[in-house]
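Participant: The structure is given below, and queries will be raised subsequently.
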Amino acid sequence: MDFLSSPEFWVALGQIIIIDILLGGDNAVVIALACRKLPPAQRAKGIIWGTAGAIILRVILIAFAMTLLNLPFLKFVGAILLVWIGVKLLAPDEDAHGDVQGSDKLLAAIKTIIVADLVMSVDNVIAIAGAAQNAGEHSFLLVVLGLLISIPIIVWGSQLVIKLMERFPFIITFGGMLLGWIAGGMLVTDPAFVNPAVMDWMPKWGSVDEKGLAVISDTLYWASHIVGALLVLAVGKFIVSRRAGDGGEGGAAHG
């Protein structure tokens with residue numbers, strides 16, 4: 001237990017908690033979006049179980065952080081998945097849930113939370129692993145402690161966002177675009193596109209630093225995030241307008 005008296009241990013723990021809180025803003029939005037249509041009695045369950053599942057998967061991810069960092073096209077696939085989740089949040093398939101029981105809705109919300117968090121965590125776990133690396137053999141303990149401390153903050157933030165969405169529906173659109181924003185950044189920092197040591201035959205638009213983190217130009221950084229956010233908004237709006245048009249035609253036909 002000597003490590004508990006080490007300043008490095010507590011500094012690293014503080015850094016991990018700060019990272020979790022800062023990155024937890026994204027998670028709170030995703031959790032709130034996924035649970036917003038659940039009955040009030042089930043919202044707490046959806047938030048708690050979804051967060052618990054996401055945290056467990058994040059711990060597993062961190063254990064393999066450096067290996068995951070070097071897998072080409074992992075971020076690329078994750079970015080596409082995030083765009084799809086964002087579009088589904090902006091244009092939910094109402095008909096598909098018309099006859100679904102409450103328990104199924106709860107499980108669907110939990111699944112959405114876990115999948116979205118799993119994808120979003122690819123970048124996050126690298127930052128956390130980097131903060132913990134100086135703790136040596138106790139680095140994994142640091143990661144777990146930091147996550148456990150941050151859980152109540154993420155859960156409370158999710159409940160706050162749900163209340164805000166009920167009053168300000170535009171937050172739902174913002175949340176979907178946020179996922180697109182993250183997806184754009186993930187795609188352009190995929191090792192296949194920035195790491196010279198990975199698939200060296202592919203053209204590169206960036207590089208990696210000594211910690212293995214992607215380095216790209218500011219222009220590409222901002223452009224990729226903006227394009228991702230606008231893509232989710234455009235596709236979501238298109239699907240909603242097309243459904244509205246189909247519904248109008250169907251109503252006219254029956255008239």
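The values are calculated or read from the model by the stated rules, or taken from the named source; none is laboratory data. These numbers come from a predicted model, not from an experiment. Using ideal geometry, Cβ is built from the backbone for each residue, glycine included, and neighbour counts are taken over all protein chains shown. Just the protein is used for accessible areas: all its heavy atoms, side chains included, with ligands, DNA and RNA removed. Shrake-Rupley method; radii C 1.70, N 1.55, O 1.52, S 1.80 Å.
Participant: Can you say whether VAL232 is within 29 Å of ARG43 (Cα to Cα), crowded, with 20+ Cβ neighbours inside 10 Å and modelled with pLDDT of 85 or more, as far as the supplied structure shows?
Facilitator: When the stated conditions are applied, VAL232 passes them.
Participant: Which members of region 199-227 meet the condition of being touching a residue at least 40 places away in the same chain (Cβ under 8 Å), in a loop (DSSP other than H, G, I, E, B) and open to solvent by less than 60 Å² (accessible area, probe 1.4 Å)?
Facilitator: Residues satisfying the conditions are MET199, GLY212.
Participant: Right, here's the next one. Name, by its number, the condition in (1) open to solvent by 50 Å² or more (accessible area, probe 1.4 Å); (2) closer than 30 Å to GLY14 by Cβ that does not hold for ARG167.
Facilitator: Failed condition: (2).
Participant: Among the numbered criteria (1) surrounded by 16 or more Cβ atoms within 10 Å (Cβ to Cβ); (2) at pLDDT 70 or above; (3) not charged (D, E, K, R), which one does GLN15 miss?
Facilitator: With (1) surrounded by 16 or more Cβ atoms within 10 Å (Cβ to Cβ); (2) at pLDDT 70 or above; (3) not charged (D, E, K, R) applied to GLN15, the lone miss is (2).
Participant: I'm checking my understanding of the structure. Among residues of region 67-97 that are of a type outside the set (A, V, I, L, M, F, W, C) and open to solvent by less than 60 Å² (accessible area, probe 1.4 Å), which one is modelled with the lowest pLDDT?
Facilitator: ASP93
Participant: Can you name the number of the only condition in (1) crowded, with 19+ Cβ neighbours inside 10 Å; (2) under 24 Å from LEU71 (Cα atoms) that PRO196 fails?
Facilitator: In the conditions (1) crowded, with 19+ Cβ neighbours inside 10 Å; (2) under 24 Å from LEU71 (Cα atoms), PRO196 misses (1) alone.
Participant: Please work out if LEU107 is at pLDDT 75 or above, open to solvent by 40 Å² or more (accessible area, probe 1.4 Å) and within 19 Å of THR189 (Cβ to Cβ).
Facilitator: Criteria not met by LEU107.
Participant: In this structure, does ILE113 turn out to be in contact with a helix residue (DSSP H, G or I) (Cβ under 7 Å, 6 or more places away or on another chain), open to solvent by less than 10 Å² (accessible area, probe 1.4 Å), in a helix (DSSP H, G or I) and at pLDDT 70 or above?
Facilitator: Yes, satisfied.
Participant: Do we have any residue at all in region 54-66 that's modelled with pLDDT of 75 or more, among the small types (Gly, Ala, Ser) and in contact with an Asp or Glu (Cβ under 8 Å, 6 or more places away or on another chain)?
Facilitator: Scanning region 54-66 turns up at least one residue that is modelled with pLDDT of 75 or more, among the small types (Gly, Ala, Ser) and in contact with an Asp or Glu (Cβ under 8 Å, 6 or more places away or on another chain).
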